[in-house]
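Beneath this line is the structure, given in C-alpha cells, with notes to follow.
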Amino acid sequence: MPELVAKYECDFSMAKNIVITGAASGLGWALTQVFYRRGDSVLLIDRDHALLDQRKQELGDLSRVCFGVADLSTTQGISEALSCIHHHYEQVDVLINNAGITHRSLAAETRPEVFTKVMFVDWQAPVELAIGLLPKLRASAGTIINMGSMAGWMPVLGRAAYCSAKSALAQFFEVLRSEERDNGVHVLMVYPAFVNTNIEKNALGGDGNNAKHARSTIGGVSEPMPLAEEIVKALDQRMPRLYPHRGIWLASLVWRLLPDVFHVLMRRKFSVELQ
C-alpha cells in the first residue's frame, strides 16, 4: 500500500466519491473545496506530503476526506494512486485528472527525459487511472474529468512536449467517451487557457531543472476558484466539453483558418522562448 497521510476511518456511504489528483494546490485544491462544501467525499492525491498535511489541518472535519501520496511521473506512483483509491472507495463517482506538468524549452534544447516526464504525467497517468477505475465508474455511471489545454489544439513555442501530451490526452478521451457511452461513463474535457497554478511555477527547463524564465501568456491569467466552480457546474450538467475562456475560441479560429498568421503572431507573443 502507498503511504497515506490520513490514518483514520472514513464514512463515504452517503455522498458522491470524488478522486482528485494534484489536489493539494491550485485548481486541484479549489476543486477539493467546492466538492467538500457541497457535502461530497473527496480523496486528495498529491506528491507533496507536507502540503497534504497542511490541507488536512485546514479542512478540519475529516469525516469526508482522505489523503494519498503518489508521484504520478512514475509507474510505481500510478500504481500507488490506484491502490490508494481502491483502498478507500468501493464506489468511484468522479475521477478528476488534474495533476499536470509543463516545460519551457525549445525542442532542440530539451533532454529526452523531460519529454518523457511531461508525457507520463499529462497523458500516461490520466489514461492508466481512468482504465484502472473503469469498472467502478461503469458501476456508478460516473464521470472522468480531464484538464486539457488550448496547447492541445494550437502550437505554443517552447511547449513541444506539453502540446503533444495535451493533444494525445484529448484524442484518447474523445475516443473513450464514445466507447464507454453505452456503459454510462461520462467524460468531461476542460480546456482552460492560463490559470494561476503551480504548474507554471514548477515548469521544467530543457535540462530537467526549473525553467529559468517566466511564462508568456495570451490574455489574462485567471484564478482557480472561479474555474473550479465552472467545472462542477459542467459536471452536474454532464457537459462533454468546457471552454472557460472565450478568447481562446478566437485564437483557435485563427489557427484553423489562417495558420501562417497564427505562427507569426505566436512568435511575436512568445519571443522570449527564442532568446
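No lab work stands behind these numbers, since they all come straight from the coordinates. Note that the coordinates shown come from a computational prediction; the quantities given were computed from them, not determined experimentally. A quick note on method: Cβ atoms are made from the backbone with ideal geometry, for glycine too, and the neighbour counts reach across all protein chains shown.
Quick notes on this structure:
- Point-to-point label distance, GLU229-SER252, nm (Cα→Cβ direction, 7 Å offset): 2.4
- Shape call, the stretch 17-250: gyration tensor on alpha carbons, a/c limit 1.5: rounded
- Packing here is the average count of other Cβ atoms within 10 Å per residue, and on that basis the peptides 39-45, 110-116, highest first, run 39-45, 110-116.
- Average 1/r across all pairs of distinct alpha carbons in the stretch 85-149, invert it, and you get the Kirkwood radius: 13.4 Å.
- The stretch 17-250 - charge dipole about Cα centre, Lys and Arg +1 at Cβ, Asp and Glu -1, debye rounded to 20: 480
- Taking the DSSP beta bridges with both ends in the stretch 17-250, the antiparallel portion is around 5 percent.
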